[in-house]
Amino acid sequence: MSNPRHGAGRGPSQRQLKVGELVRRTIADVLMRGDLHDPELERFSITVSEARVSPDLRHADIYVMPLGGVGVEEVLVLLARNSHELRRAVTREIKLKYSPALRFHEDRSFDQMDETRRLLDEPRVRRDLDEEADGDADENGDR
């Protein structure tokens, strides 16, 4: 019989979220302090926005974006090149049975937020939102 806690379509566990945040914070701190001693990587100011950890805590997908979004591909290559040193830093800071393998990805959430704002500013969407707000005001007796 399968474990009901690991059902399909469920979100990450509290442990995954906690470990992910600890991994994110550790990597961000290492990059901020410049502990990697890679002059090419030190040229960039990198935002570490999220770390998603696998259910077995053996893999972590790290989402990053350089300041201004310039040089994303180069930053991903440099982080991959320094992933072993970053993994050692995570191991020193977080006491886990296994040290997660780190995989770096471009954070596209900024682009998604811009697209959402653009959609919400379209006249037809704005009209629908205004009509909905007026309907809520009528139900509450505000008019």
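The values are calculated or read from the model by the stated rules, or taken from the named source; none is laboratory data. Model, not experiment: these values are computed from the prediction. FYI the Cβ positions are ideal-geometry reconstructions off the backbone, even for glycines, and counts take in every protein chain you see.
Of the numbered conditions (1) outside the structural domain of residue 94 (by TED's automatic domain parsing); (2) at pLDDT 95 or above, residue 2 satisfies every one except a single condition; which is it?
It is condition (2) that residue 2 fails.
State which residue pairs qualify: first residue aromatic (Phe, Trp, Tyr) and inside the stretch 91-107, second residue not in a helix (DSSP H, G or I) in any location, beta carbons under 9 Å apart, and separation of 6 or more residues or different chains.
Pairs that qualify, where the first residue is aromatic (Phe, Trp, Tyr) and the partner is not in a helix (DSSP H, G or I), are 98/56; 98/57; 98/58; 104/61; 104/62; 104/63; 104/64.
Let's see how each residue does on (1) on the phi > 0 side of the Ramachandran plot; (2) among the aromatic types (Phe, Trp, Tyr):
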residue: 20; (1), (2): no, no
residue: 23; (1), (2): no, no
residue: 54; (1), (2): no, no
residue: 60; (1), (2): no, no
residue: 68; (1), (2): yes, no
residue: 98; (1), (2): no, yes
